[in-house]
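Here is the structure we will look at.
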Amino acid sequence: MKSTSIIFTLFMFSQSALAKDNAPLRKSPFFIDGIHCMGLTAYVEEEQFSKAYADADMAKIAYKTMQQTQCENIFKAYDVIKFQWVTDEELENLSFTLKKSNKFKQVDISIEKSELPNHVHLTGHFVPHAEKHKFKLHVSQSLEKGGDTGNRSSTLFEGKANLYQRGQANDPKYSVGLKYFKTQAKKPLSADELKRGKNDVTMTPEETIIQSRQSGRYFDLNFRVNFPPYSSTSWLNPYLVVGLFQQQETMDKSHITGNYFEYGTEIHPDQTNPKAYFGLSLLYSDYAVGGNEYFDYDNESQDHTNKNILFAGIRGHFPTEKFSAHYSVFRSLTEEMHLFAEVSALFTIYKQGDFSHNIAGDFFYLRQAILPQHRFGLPNRDETTIYYQGNYSLNSLGRDSSIIFKFGGSEYLAKNNLKTPYRRENTFGELGLQSSINDFDLSLALIYGSQRLY
Amino acid sequence: MKTLRTSILLFFLLSYSAAHALDVCGLYKNVHQRDIVRRIKSGIPFKLLSIAGDGEASYKTIAHIKYDLWSEVVTIDDLKNKVKTVSFPESEKAICQFISFPNALAGKNYHYQLHLNPIVGDMISTNNKRQTQGIDFLKVNWRRIAKDLETEKVLLEIDIKP
């Protein structure tokens, strides 16, 4: 927890303690005798809930208790609980924060007099968003012009289905994600040719093979469950991801097949910014690697190696109007050192009408990459990318439609014990289009680079 | 001498006619019944931001409204120096006076907006403080701000000629 949050919590505690001791000194205090909610039946239907109970009266009591807990959890997420003092400023702030969170289609709160003076009942009137399936599709096509190292075209396809999602701010109950990547070398160079080329550097044998112009593909399929499914009632969002992946490189016939499980929790500290979170997670991956040239096995029966690794990691996402940042750091808990970290940030430097100008940067730190999107098998490396991103809104095309163009440069620096590790610089340009049609978010991108992009 | 006297008289007459030049009470009546009564009765304080602009000058005023459930009185505060406490039935008239612009000039065409709980609360408070401290060196174009203003609801938006 952030130190500011701790200080704030201590401050709130001290304030409430002072308030109890010096009640008459409080400025317009209300004591909350009860918290009530209306309109939450959409989350769990009584008929469905009652099926788990043999006795109808028992089911009714259990349903009401469940609803009351759910109701109090909503307010708890906004630091308001039963039997506490609140000022009218705090109630005004609560009303504002609930509305700003966009977790409900409509929300109003009201207070009613209780039996004692200054004692109130707090009631929330909620209209939840309807459950909907939402889909995202992203396709990017890149062309690399590598001079004497040949050309390459690559295609990246990413699809995501968010199932039973209530509005944009709440997490879906389930989501299914698919990533497919294919890269095709036009004039593949052998490892020796590559070494004789412009890259006057030393490489480890693995790097030499990998940096030659291979063709290959990978895919990653994953399924995510968010617990509890009703994220609008909580600031904690535990989740479980189950995924499987496969990577194949055609030239050296290497292949990697595996699966992974991630269990974590996202913590949403700012209810007015529901997309912002930081989280902790455990990632377990189990995979098998094979490939004659790559691993130089003589015996066909030994042509694979199995590994399983447990990682602990942190993730975070912090989007605001003018700045957004995303980070993730995972470190292996097993003896062998594996570490991968990713930090990306985007600053909006100027916005005029439909045009916004941004500066962005990505940094990847990879030691023994583990997932296909980290390009399995590539050597230990640091990758830094800095680019300009311009967004031009095209409202005439539909909701959230825009043209995106990027240009910038990146650096790839191999990390090994050799004297002059392999280093590559790259410049690139990208033209993209994104739009939302009904419940589909579509985006397309064309990328052109001077050197190897993937 | 006679001309001077006539001019002074005319000046005072014009000044008098300019007072309460932008009176929105007639327009506000429906809004009050439709949205505000329920808001007041909920017991949760809220803000109204009233903005009028004609392209050259712009005016804004705020009404922070609180309701006491026990004494059943409504307190209206402009967050500067004007506070008024009235009974619930009198609240409509009192609020509309708070959100009208007595200094607006007659004969001009104003674009008027009434916002419920605008999100520029802090900015408005800072600007109010500046004005109170007499350091209003920064002329704020409220009409432009209103264009991109994030607000809970736009209660009223109309072109009006006082």
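As a rough footprinting exposure proxy, the listed residues A:Lys322, A:Lys419, A:Lys82 were ranked by other beta carbons within 10 Å of their own, and the order from fewest upward is A:Lys419, A:Lys322, A:Lys82. Report, in listed order, any pair from B:Lys60/B:Lys161; B:Lys29/B:Lys82; A:Lys351/B:Lys108 with a Cα-Cα distance greater than 24 Å. Over 24 Å apart, Cα to Cα: A:Lys351/B:Lys108. By the beta-carbon count within 10 Å of each Cβ, the least crowded to most crowded order of B:Ser50, B:Ser71, A:Ser396, A:Ser344, fewest first, is A:Ser396, B:Ser71, A:Ser344, B:Ser50.
Separation of the range B:14-86 from the range A:346-416 is 47 Å, based on Cα centroids. Residues B:Cys25, A:Cys37 in ascending order of nearby Cβ atoms (within 10 Å, fewest first): B:Cys25, A:Cys37.
With 27 Å as the limit on Cα-Cα distance, the pairs of A:Lys51/A:Lys160; A:Lys51/A:Lys82; B:Lys47/B:Lys93; A:Lys99/A:Lys173; A:Lys82/B:Lys41 that go past it are A:Lys51/A:Lys160; A:Lys51/A:Lys82. Applying both filters, DSSP loop and at most 16 other Cβ atoms within 10 Å, to the GluC sites (Glu not before Pro) of the range B:49-123 gives B:Glu56, B:Glu72. Any chance you could check the Cα centroid distance between the range A:78-121 and the range A:324-339 for me, in angstrom? About 41 Å separates the Cα centre of the range A:78-121 from the one of the range A:324-339.
No value in this document is a laboratory result; all are computed from the given coordinates. Because the structure is predicted, anything quoted here is derived from the model rather than measured. All Cβ positions, glycine included, derive from the backbone under ideal geometry; neighbour counts span all protein chains shown.
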